[in-house]
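Undergrad: Have a look at this one before I ask anything.
The values are calculated or read from the model by the stated rules, or taken from the named source; none is laboratory data. Model, not experiment: these values are computed from the prediction. In this analysis, Cβ positions are derived from the backbone assuming ideal geometry, glycine residues included, and neighbour counts consider all displayed protein chains.
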Amino acid sequence: MNRRAFLKSGIMLGIYASIFPVSSVSGCGNFINGNENSAVNITDDLPFKKIIKTNAEWKRILTKEQYRITRQKGTEPAYSSPLNDEKRKGVFVCVCCDLPLFKSEAKFDSETGWASFFDVIAKINVKEEIDNSLPETRTEVLCNRCDAHLGHVFDDGPKPTGLRYCINGVALKFNKSK
């Protein structure tokens with residue numbers, strides 16, 4: 001295939017994808033266990049009170065980068081977070097509301113450039129939503145108390161869960177164990 005044909009087919013594929021978006025592709029690793037219904041969206045009977053703030057309030061509390069990542073669903077550059085190299089014992093909490101999300105014992109080096117965990121502290125502390133912002137469907141991970149965008153979860157992680165929570169370090173704070 002020559003360069004012109006390659007570019008033309010890429011453009012046509014992009015147009016086709018924008019006209020006919022794929023909402024579910026079973027068995028392609030886009031949903032956890034290939035099941036779009038596995039996303040956790042628990043909002044009733046939470047063991048904590050939901051935190052709701054205006055955009056102006058979030059902008060006063062967060063840095064520009066924290067706001068861009070957590071409130072506007074951004075992504076930090078790979079390998080840019082010092083939390084990637086954090087190896088001390090402790091807990092990673094939401095930068096917006098301090099909800100405990102991940103234990104250091106569940107952290108591993110995925111060699112992706114983002115902090116990676118194979119499990120959450122409690123499933124109820126996060127919620128998952130289908131993310132169709134790219135041509136590939138992904139599962140977005142959000143803080144269940146304040147709805148902060150944290151990152152995404154994939155089904156290519158290590159045992160025992162087989163999950164890889166790929167999380168923006170900007171969305172987290174680390175609390176060292178005493």
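Undergrad: Do you know which of the residues in the range 54-96 that are over 15 Å from the mean Cα position of the chain (by Cα) and part of a strand (DSSP E or B) is farthest from V153 (Cα to Cα)?
TA: For the range 54-96, the residue satisfying everything is G90.
Undergrad: Can you tell me which of (1) out of contact with any helix residue (DSSP H, G or I) (no Cβ under 6 Å at 6 or more places or on another chain); (2) under 19 Å from D147 (Cβ atoms); (3) acidic (D, E); (4) at pLDDT 95 or above is the one D44 doesn't meet?
TA: Result: D44 passes all but (4).
Undergrad: Taking the range 97-112 as the search range and keeping residues that are more than 14 Å from the chain's Cα centre (by Cα) and assigned to a loop (DSSP other than H, G, I, E, B), which one is surrounded by the fewest Cβ atoms within 10 Å (Cβ to Cβ)?
TA: Taking the range 97-112 as the starting set, the residues that turn out to be more than 14 Å from the chain's Cα centre (by Cα) are 97-100, 103-111.
Filter once more, keeping what is assigned to a loop (DSSP other than H, G, I, E, B): 97-99, 109-111.
Values: C97: 19, D98: 15, L99: 18, D109: 10, S110: 19, E111: 7.
That would be E111.
Undergrad: I would also like to ask the following. Determine which member of the set K73, K103, K107 is at positive phi and at pLDDT 95 or above. Break it down stepwise before answering.
TA: On the way: K103 fails: at positive phi; K107 fails: at positive phi.
Being at positive phi and at pLDDT 95 or above holds for just one of K73, K103, K107, which is K73.
Undergrad: I'd like to verify a number: residues in the range 113-138 that are in contact with a helix residue (DSSP H, G or I) (Cβ under 8 Å, 6 or more places away or on another chain), under 25 Å from T54 (Cα atoms) and either of a type outside the set (V, I, T) or buried (at least 20 other Cβ atoms within 10 Å of the Cβ) (or both), how many?
TA: Of the residues in that region, 1 qualify.
Undergrad: Pairs under 8 Å by beta carbon, first residue free of Cβ contacts under 8 Å to residues at least 40 places away in the same chain and surrounded by fewer than 16 Cβ atoms within 10 Å (Cβ to Cβ) in the range 68-92, partner hydroxyl-bearing (S, T, Y) and in a helix (DSSP H, G or I), six or more apart or different chains?
TA: If the second residue must be hydroxyl-bearing (S, T, Y) and in a helix (DSSP H, G or I), the pairs left are K87/S104.
Undergrad: Go through the range 113-156 and give me each residue that's more than 13 Å from the chain's Cα centre (by Cα) and closer than 16 Å to N84 by Cα.
TA: Of everything in the range 113-156, just one residue is more than 13 Å from the chain's Cα centre (by Cα) and closer than 16 Å to N84 by Cα, namely G113.
Undergrad: In addition: Of the residues L142, L172, which is among the aliphatic types (A, V, I, L, M), in contact (Cβ under 8 Å) with a residue 40 or more places away in the chain and either in contact with a His (Cβ under 9 Å, 6 or more places away or on another chain) or surrounded by 21 or more Cβ atoms within 10 Å (Cβ to Cβ) (or both)?
TA: Within the list L142, L172, the selection yields L172.
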